[in-house]
1. Kindly report the accessible area of the protein assembly as shown per residue (heavy atoms of protein chains, probe 1.4 Å, no ligands, DNA or RNA), in Å².
2. Between A:E158 and A:R184, what FRET efficiency comes out of the Förster formula 1/(1 + (r/R0)^6) with R0 = 25 Å and r the beta carbon distance, rounded to 0.05?
3. Using a Gaussian network model of chain B with C-alpha springs under 10 Å, which one of B:G19, B:G102, B:G43 is most mobile by mean-square fluctuation?
4. At a Förster radius of 60 Å, what calculated FRET efficiency corresponds to the Cβ-Cβ distance of A:R39 and B:I144, to the nearest 0.05?
5. Lys/Arg Cβ at +1, Asp/Glu Cβ at -1, dipole of the protein assembly as shown taken about the Cα centre: which of A:P144, A:G169, A:A41 is farthest positive-ward?
6. Considering all alpha-carbon pairs of the protein assembly as shown, what whole percent are spaced by more than 47 angstrom?
7. Would you mind computing Rg(Cα) / (2.2 N^0.38 Å) for chain B, counting N as its residues?
8. Using a 10 Å cut-off on Cβ to Cβ distances, tally the other chain neighbours for every residue of A:218-227 and report the average as a whole number.
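The values are calculated or read from the model by the stated rules, or taken from the named source; none is laboratory data. Because the structure is predicted, anything quoted here is derived from the model rather than measured. Virtual Cβ from ideal backbone geometry, glycine too; neighbours counted across all protein chains shown. Areas reflect the complete protein model, heavy atoms only, side chains present, ligands, DNA and RNA absent. Shrake-Rupley method; radii C 1.70, N 1.55, O 1.52, S 1.80 Å.
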Amino acid sequence: MTSPTAHRPTTANSPPAPVVRDPNYNFGYLDESTKRMLRRALLKAVAIPGYQVPFGGREMPLPYGWGTGGIQVTASILGPDDVLKVIDQGSDDTTNAVNIRRFFARVAGVATTTRTREATIIQSRHRIPESPLREGQIMVFQVPIPEPLRWLEPSEAETRTMHALAEYGGMHVKLYEDIAQHGRIATTYDYPVIVNGRYMMRPSPIPKFDNPKLDMSPALMLFGAGREKRVYAVPPYTRVESLDFDDHPFAVEQWDAACALCGARDSYLDEIILDDRGTRQHVCSDTEYCTERQLAAQGGKP
Amino acid sequence: MTAARPLLSARTLTRTWDGVHGCRDVSFDLYPGEVLCIVGESGSGKSTLLQALSWQTPPESGSVWYDTREHGFVDLAILDDAQRRLLARTDWGYVYQHARDGLRMHVSAGANVAERLMAVGGRHYGQLRSSASHWLQRMEIDPIRLDDAPSSFSGGMQQRLQIARNLVTHPRLVFMDEPTASLDVSVQARLLDLLRGLVSDLGLAAIVVTHDLAVARLLAHRTLVMRAGQVVEAGLTDQILDDPQHAYTQLLVSSILQH
């Protein structure tokens, strides 16, 4: 992460191993009836924004917590003409992102990319890309714990009743506690939101910096939780409000520094420690955004 | 104490767990501002009756009527779940024997007290905090403890905090299940004193389940004596304790140490 070269997309700095479609797998790994079941669940999720729809989760060839929910959603919506981008911690070149991209190249033969603008499906866990999304794109989120009320109430029957009756007052207890202990709302990721003025939703562990990108987004947002076997969705152009208090309004993270590589002040920055003496620098968490800005600054075409 | 209309009425209320144990055929009226004690030995159906009255477990037969603010005097059975749950967290309070059943032990005292206000739409942190502080003071807890977790409180303080948490929405009726049973004697006396003051200051009605006749003597206007799921005697507390009619009540009263 210390040199600009490390920030280039994988395809640019390592010879890409040729990935060919493996004909022994059905298109997208899952069988057709499973994909249809998932699509039905997703249609229901889109019809009721923010509502958690159960589905019959399948065993996937990777452990729970590595994105089994997101992979199943992606597998069920993928078509032969789709272009897939996978990001992990904002980066296109981490192990998880590289392997999920390779997985779909192998079992579906689809084109993959690191460019947000070229992608039709973007699977992610921690970030929404900095480049604005457009109509027709689909974000797929990998969700660890789908139930926003779980910390408040261990019983599933009770949380479902609370959703049915829109009894969400208790969620503010957590924010109250933050302000009481830290002087401000200290929740920084997985920040609870109300979707379309109705359902309380967990936006997967994205930083609250990305919450405003959910609001009225032109892209479709799909969320898949593999362990808990739930999908939910935010359709395009849907209102997504972050919880707050009248006298402590919602605010996103801010940094004193600019990105050390591309100079961006408007993107989400990671703090990187460079040596044993504690030297540190801030760099963009979205590697694709950062690389494009660097290339543009050098006068090259992005 | 008598108003024109009761606050709550039970009519031939029955709730059994196995056809035998529980409470059977209980009828009474509770008027606004009145404190009713339900006494009886363990297993006599006191707690079951309290759960059925507060609709935590719906009755098998009979009815519970309540003078709601929005819909007037209605049979609780005709309200839907959402209306009953709203009633339970605004116009009612429920105090458990063990404070940890009624508190969130991992969030601060202030958040515990303010929770009900947030549940009905309180969204101003400063106002929530000053209400919480006010209620702690009212329950004789130093407001400096506002941000401390209830687990750092003594048993008596936890019980007072639980009561504060219930009273913050100004309920008109509080259900209490053995509120003093798990406290030592001196703490019990202080809590009873505080409760008696609150009930008369706020005009609260209360239904208190206890096996301790001293609690009934101190708090209650009227008392129901239960045995084997049925009410065997009902009336003014002093009358019942000083001139018990039913053989079982006589036994209960005579079992208290006389000074």
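1. 44
2. 0.25
3. In the Gaussian network model the winner is B:G19.
4. 0.55
5. A:A41
6. Roughly 32 percent, once rounded to a whole number.
7. Relative to the rule-of-thumb radius for its length, chain B sits at 1.00.
8. Mean shielding count: 0.
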